[in-house]
Amino acid sequence: MDIICCPLDKHELDLEVDERDDEEVLAGSLVCTECGESYPIEDGIPNLLPPDMREDAPA
Amino acid sequence: MDIICCPLDKHELDLEVDERDDEEVLAGSLVCTECGESYPIEDGIPNLLPPDMREDAPA
Amino acid sequence: MSVSDAFDEWARSGKDQGMERRHWHTAKHVLARMPVESEARSDSEQSSEERSDPRDEGDTVLDLGCGSGYAGRALRETKGAGRVYGIDAAPEMAHNASSYTDDPRVGFAIGDFEHLPFDDDSIDHCFSMEAFYYAQDPHAVLAELRRVLRPGGTFYCAVNRWEEHVHSHEWEELVGVPMLLWSEAQYREAFREAGFAVASQDRIPDTETEIPAESDFPTEDWETREAMVERYREYGTLLTVGVNTA
Amino acid sequence: MSVSDAFDEWARSGKDQGMERRHWHTAKHVLARMPVESEARSDSEQSSEERSDPRDEGDTVLDLGCGSGYAGRALRETKGAGRVYGIDAAPEMAHNASSYTDDPRVGFAIGDFEHLPFDDDSIDHCFSMEAFYYAQDPHAVLAELRRVLRPGGTFYCAVNRWEEHVHSHEWEELVGVPMLLWSEAQYREAFREAGFAVASQDRIPDTETEIPAESDFPTEDWETREAMVERYREYGTLLTVGVNTA
Ligand SMILES: Nc1ncnc2c1ncn2[C@@H]1O[C@H](CSCC[C@H](N)C(=O)O)[C@@H](O)[C@H]1O
Ligand SMILES: Nc1ncnc2c1ncn2[C@@H]1O[C@H](CSCC[C@H](N)C(=O)O)[C@@H](O)[C@H]1O
């Protein structure tokens, strides 16, 4: 997903791999090279919601 | 028809009225202010074909 | 025989109205999609001096190869278009079209769509049904449209004859005048080359033309019912919509 | 309950597939119109270094509020789209969508369409079905789309709920989340304000949803058969197509 960027400041993301198979990264995170915000990847799907919209965000 | 122009050089046209009723010019001509080409109006309908495409043009 | 001589003859024998009736089956769906505004757009910044600009009274629409002129009449009635101009290269067509309406905001002229008699940036939308493929130089038509359409203006190009539509290939021979035969991709490519963005392209089926029962085939025009169904229900009309991104 | 919590629940109970089945009746006609190219366009000037650009392999399409992700799968299969991305704010929706395909050129992400995680000028076309009106700030969605779409790129915005469609007014209460209710003119105006040209707008009838016989009314959902016919056969889906003229 080479056109993916940080939803907040639209800067590049660095990939940090925790677990992968032949085809894709299953778990890990995408970290914004500008603001440092980290976006989790679970089951191969990145969660690029702004942090305050994430399920685990304090209500 | 205020946006009508010469089909050849796209310059403004001057209206010359031969016959009119209350609503429109029935016969007359539209003359290009730049190239001088004259376009006939018959039964209220201007013939703005390039001159060499007109019916009366020599074949 | 030239294209306009041929269509003068059609106009004299009333075939303009036959075309209107048949083309309406799909043309009405094309017209329904057109984003024609009936009032000045809020984004148009006009000084009070310009208040007589037709645009204050709604969008200006051009109908290329207008035939009986039904499209302009319909857009005035259904969408309140501000002004509608129909042009046709066949004088008898333009005269017939003019005789079917006395709406002062609908005007007709005899003209060639490769040499448009309109100012730059003077038109909001252009519609054309079953006419574009008569162009001798289709690229010249697109260049002219690009010139007369305002930025953001649309060109609705509808044809019943194109490469993928196999049943339309023989028409050239039947009508006796030269006719373009582009593929769907060629339409898109030519539009883009001329500076239009292609906003959409699809086939609009004609669900209204009556198709006789199996036992009536072959008919005068159709070998098989299957072919006739394909022609109308599947191919129908090809619509390509371009937007002037200038 | 938040919109994404509500749709997480829908996804868990398989309602994503029910929506796919129902929405397909009109969505397929919307998708058919999209001018998605399967190969690099001749007008794209690319140096050999840029050959790995996805665009060389066809257009890139984004599906906003993708649900089960059927739109992206269909555009890969029918038009050979180069890449397709679906985003949905409900994590369970994105996970379901991902489980329905193993096409490596179809990707899903959890994301908010008011905060798009895509580079400027990176998308050729955007499709969205039955999602736009959940936007808290619809103008922000349009601004984001304007940013990510390439010049000449299209936004296909399809909704079954809008002002003129009287039978959709009560939905907000039924679903329990706030929902926008724009008129057709408001869609056009908002698109133009955001810098899109409006290429077309029309209602696409749903001719497939079965409508019971007169004697079966009132049903659970419908007081009268007439109202149900109006809902599906007349209103159907409102499609507004915008083109980024930037
Ligand atoms: N170069 C040209 N310039 C303008 N009109 C042209 C033309 N070549 C063909 N035409 C016109 O295009 C029309 C095609 S027939 C279609 C008529 C009408 N649009 C309808 O849908 O019924 C004819 O009237 C013909 O005279
Ligand atoms: N702000 C937002 N950003 C992204 N997706 C959103 C959203 N608000 C709502 N959605 C999603 O939009 C979807 C609407 S349901 C429609 C799903 C699919 N397009 C179909 O046609 O079946 C839901 O899956 C919901 O989670």
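For segment D:111-146, which positions are of a type in the set (A, V, I, L, M) and over 23 Å from residue D:74 (Cα atoms)?
D:135, D:140, D:141, D:142, D:143
Which pairs turn up if I take residues in segment D:140-162 that are assigned to a loop (DSSP other than H, G, I, E, B) and look for partners that are polar (S, T, N, Q) with beta carbon separation below 6 Å, at least 6 apart in sequence or on another chain?
Close Cβ pairs (under 6 Å, with a partner that is polar (S, T, N, Q)) amount to D:160/D:237; D:161/D:168.
Consider segment C:92-113. How many of its residues are more than 7 Å from chain B (Cβ to nearest Cβ), without any contact (Cβ under 8 Å) to a residue 60 or more places away in the chain and in contact with a helix residue (DSSP H, G or I) (Cβ under 8 Å, 6 or more places away or on another chain)?
Selection size over segment C:92-113: 6.
Would you be able to tell me the number of residues in segment C:201-217 that are within 14 Å of another protein chain (Cβ to nearest Cβ) and either on the phi > 0 side of the Ramachandran plot or among the hydrophobic types (A, V, I, L, M, F, W, C) (or both)?
Count: 1.
Being of a type in the set (D, E, K, R), under 16 Å from the mean Cα position of the chain (by Cα) and within 12 Å of ligand 2 (Cβ to nearest atom) is the filter here, so list the residues in segment D:110-158 that pass it.
Hits for segment D:110-158 are D:112, D:114, D:130, D:144.
Tell me whether segment D:105-118 contains one or more residues that are under 21 Å from residue A:43 (Cα atoms) and surrounded by fewer than 19 Cβ atoms within 10 Å (Cβ to Cβ).
yes
Scanning for something surrounded by 11 or more Cβ atoms within 10 Å (Cβ to Cβ), part of a loop (DSSP other than H, G, I, E, B), touching a His at 6+ places or on another chain (Cβ under 9 Å) and facing another protein chain (nearest Cβ under 10 Å), does segment B:16-34 turn up at least one residue?
The answer is no; no qualifying residue exists.
For the condition within 13 Å of ligand 2 (Cβ to nearest atom) and either part of a helix (DSSP H, G or I) or modelled with pLDDT under 95 (or both), what is the one hit in D:71, D:40?
Result: D:71 is the single residue among D:71, D:40 that is within 13 Å of ligand 2 (Cβ to nearest atom) and either part of a helix (DSSP H, G or I) or modelled with pLDDT under 95 (or both).
Identify, please: which residue in segment A:35-47 is hydrophobic (A, V, I, L, M, F, W, C) and under 9 Å from the mean Cα position of the chain (by Cα) and is, among those, nearest to the other protein chains (Cβ to nearest Cβ)?
Out of the qualifying residues, it is A:45.
Restricting segment C:81-91 to residues that are more than 9 Å from chain B (Cβ to nearest Cβ) and buried (at least 24 other Cβ atoms within 10 Å of the Cβ), which is nearest to residue C:138 (Cα to Cα)?
It comes out as C:88.
The values are calculated or read from the model by the stated rules, or taken from the named source; none is laboratory data. Computed from a predicted model, the values in this text were never measured in an experiment. No Cβ is skipped: glycine too gets one built from the backbone with ideal geometry, and neighbour counts run over all protein chains shown.
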